[in-house]
C-alpha cells in the first residue's frame with residue numbers, strides 16, 4: 001500500500017463519517033425542524049429531506065467507496081449551497097453570532113479531491129468495476 005492510498009482511505013472515511021453524522025442528526029432532531037429552517041432561507045422544505053438523505057446514504061457510500069465520484073459531486077453541491085445560503089455572511093471563521101464556513105470549505109475541498117482522483121484502493125468501486133486502483 002502506498003502512503004497516498006492510505007491517505008485517501010483516511011480522507012474518504014472522515015468525509016463519509018462527517019456527512020453520515022450530519023444526515024443522521026437531521027433525522028434524529030426532527031427533519032421537520034430542518035425543513036422549516038430551509039424554508040426560512042427561502043428554500044423549499046422538501047430540500048431538507050433530499051439533503052439529509054444524500055448526507056446519510058452518501059456518507060455510508062463514501063465510507064464504503066461505492067459511487068465515490070457521484071457522491072462527492074453531491075456533497076460538493078451541498079457544501080456550495082451551505083456556504084452561499086447560510087455561512088458566507090458570517091465570514092470564514094464566524095462573526096460571534098454563528099459558525100463560519102471553514103468546515104464547509106474543508107468538506108468542499110475533500111469532496112473535490114474525490115471528484116478529481118481515480119478510483120481509490122480499498123473501495124467497493126475498485127472491486128466492482130475492476131479499475132486501476134493507483135492514484136496520481
Unmet criterion (only one of (1) within 20 Å of residue 14 (Cα to Cα); (2) modelled with pLDDT of 95 or more) for residue 117 | (2)
Among the residues of segment 92-132, how many are in contact (Cβ under 8 Å) with a residue 24 or more places away in the chain and under 16 Å from residue 76 (Cβ atoms)?
-> 11
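Residue-by-condition table, conditions (1) farther than 30 Å from residue 128 by Cα; (2) more than 11 Å from the chain's Cα centre (by Cα):
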{"position": "4", "(1), (2)": "no, yes"}
{"position": "25", "(1), (2)": "yes, yes"}
{"position": "33", "(1), (2)": "yes, yes"}
{"position": "38", "(1), (2)": "yes, yes"}
{"position": "71", "(1), (2)": "no, no"}
{"position": "86", "(1), (2)": "yes, yes"}
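The values are calculated or read from the model by the stated rules, or taken from the named source; none is laboratory data. Only a predicted model underlies this, so the values are computations on that prediction, with no experimental measurement involved. Please note: Cβ atoms are built from the backbone with ideal geometry, for glycine as well, and neighbour counts cover all protein chains shown.
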